[in-house]
Amino acid sequence: MAKKKSAPRSPRSSRPSTSAPAASRRGFVASSLATATVLGGAAARRQVVAPSPLAPVLTHPDSPMPFVHEDLTAIVDPLLNEQIPRWVDPIIFPAWLPPMAVGKLPAKYTSAVGNVHHGVAPEWFNHPSDWDRFPVQYYELHQMAGSYPFLPSSMRIPRTNFWGYVGRLANGTYLPGGLPPTFRFRIGQPALVRVVNDLPEEMSLHMHGGHWPAHSDGHPNFLVLPGRARDYYFPNIVPRVQGGNQVGSAFDYTESVSNMWYHDHAIHLTAAHVQRGCGGGYAPTLDDLEIGLIRSGVLPGIRGVSDVGPEYRNPYDLPLVIRDDIFDVRGQLVYDSDGHNGYLGNVARVNGLAYPYMNVEARKYRFRVLAASNARIWRLRLSDNSSF
């Protein structure tokens, strides 16, 4: 019987050692935090955590448990939906996270790919050569705590504490803001995202909607421990029609992903972590067909801008991340799993803000709507019942 030829290996450097230079990484993260105004440390689930060397700790003088309330009857005067004013603040959109480097290791990476505590998918070192249609884009994403004014400014209520994702830039500073940053991927352009957990609980990043190696898929038990990092390899390819991963087998572009989002997926903690803010990250992918539709005017966008990477900036292609939450009178999020029967909030939020508004032009828009609630079922309609 003839022996099958294996797929050619993509040229990668040899596999690095698995030891992680924790001390040096801790040093550069700590030194960079002075530039970020939205970031802080966090209180752990059901206990107060000692200050981390990775980030200053947010103080909560009124409560050592700002995030988890297992008994809602113990909450003093939770805010009611009727107390939240409507259409006060303009909507916000997540900032685009530019790659730290393209085609080469970023200067701010302190170790080679895979030379972090939780390693990298083996496919990084051995994969079909046609997975590398474009050069690799390198990113760094930190899971951190911070605060942001998610409730209407007219209420003059304290900023809401949250756990979330913060992107690191090529110069070592952090992308500001209260929403998980946006990735924009192109089919055939691989991405390496180094995810650093600066929170006191184990996390697992799941990029929802892609075709990934198992090690990078955010399995509930593939945890990133506090103070550690994992290199997530997202090849941004689509499945083969036949032949497994053999070079020459056709790709199935009917499975080409478009609207992806990322969220925490840690076992037994996913719901609580997403409710705290570790969910709703926007990561659309574009293929040649979609880029062509923008250039021909079928899809909204700006020719020469919205069809040119790596940003693909498009002010007419926007995400609407919808969720519902409960806030207490201090403006802090309240979570109750209701015995694992689902969390239902009484305040609707879009892109983090409670009841924002948006001024639009008289033209075509593309809204990518994500229902990011824990349990609520949404029925969306226009106020005049127009079709959409």
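The values are calculated or read from the model by the stated rules, or taken from the named source; none is laboratory data. What you are looking at is a predicted structure, and each value in this text was computed from that prediction instead of being measured. Cβ: placed from backbone, ideal geometry, glycine included. Neighbour counts: every protein chain shown. Calculation scope for accessible area: heavy atoms of the full protein, side chains included, ligands and nucleic acids excluded. Shrake-Rupley method; radii C 1.70, N 1.55, O 1.52, S 1.80 Å.
See the values below:
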| item | result |
| --- | --- |
| Residue match in the range 296-313 (condition: in contact with an Asp or Glu (Cβ under 9 Å, 6 or more places away or on another chain) and basic (Lys, Arg)) | no |
| Residue that is farthest from residue 198 (Cα to Cα) [pool: residues in the range 257-278 that are within 8 Å of the chain's Cα centre (by Cα) and open to solvent by 10 Å² or more (accessible area, probe 1.4 Å)] | 261 |
| Odd one out for residue 215 among (1) modelled with pLDDT of 95 or more; (2) not in a helix (DSSP H, G or I) | (2) |
| Leading residue by the ranking (nearest to residue 349 (Cα to Cα)) among those in the range 132-169 that are touching a strand residue (DSSP E or B) at 6+ places or on another chain (Cβ under 8 Å) and of a type in the set (S, T, N, Q) | 160 |
| Only one of 334, 360 that is of a type in the set (A, V, I, L, M) and either open to solvent by 60 Å² or more (accessible area, probe 1.4 Å) or over 22 Å from the mean Cα position of the chain (by Cα) (or both) | 360 |
| Given (1) open to solvent by 30 Å² or more (accessible area, probe 1.4 Å); (2) within 23 Å of residue 184 (Cβ to Cβ); (3) out of contact with any Leu (no Cβ under 7 Å at 6 or more places or on another chain), number of the condition residue 367 does not satisfy | (3) |
| So residue 342, is it out of contact with any strand residue (DSSP E or B) (no Cβ under 6 Å at 6 or more places or on another chain) and at pLDDT below 95 | yes |
| Members of the range 79-103 found to be free of Cβ contacts under 8 Å to residues at least 40 places away in the same chain and farther than 25 Å from residue 156 by Cα, listed by number | 103 |
| Test: residue 121 is in contact with a His (Cβ under 7 Å, 6 or more places away or on another chain) and either among the charged types (D, E, K, R) or touching a residue at least 24 places away in the same chain (Cβ under 8 Å) (or both) | yes |
| Members of the range 171-199 found to be outside any strand (DSSP E or B) and open to solvent by 20 Å² or more (accessible area, probe 1.4 Å), listed by number | 171, 173, 175, 176, 177, 179, 184, 189 |
| Residue list for the range 137-170, filter: part of a loop (DSSP other than H, G, I, E, B) and buried (at least 24 other Cβ atoms within 10 Å of the Cβ) | 150, 151 |
| Some residue of the range 227-237 being at pLDDT 95 or above and farther than 21 Å from residue 99 by Cβ | yes |
| Selected residue (criterion: modelled with the lowest pLDDT) from residues of the range 370-388 that are open to solvent by 60 Å² or more (accessible area, probe 1.4 Å) and among the hydrophobic types (A, V, I, L, M, F, W, C) | 388 |
| Qualifying residue in the range 309-325 (condition: at pLDDT below 95 and among the hydrophobic types (A, V, I, L, M, F, W, C)) | no |
| Within the range 366-388, considering residues that are of a type outside the set (A, V, I, L, M) and in contact with a strand residue (DSSP E or B) (Cβ under 7 Å, 6 or more places away or on another chain), the one nearest to residue 259 (Cα to Cα) | 368 |
| Counted residues, the range 175-194 - those being touching an Asp or Glu at 6+ places or on another chain (Cβ under 8 Å) and within 15 Å of residue 216 (Cβ to Cβ) | 4 |
| Subset of the range 200-229 that is among the small types (Gly, Ala, Ser) and closer than 18 Å to residue 124 by Cβ - its residue that is surrounded by the fewest Cβ atoms within 10 Å (Cβ to Cβ) | 214 |
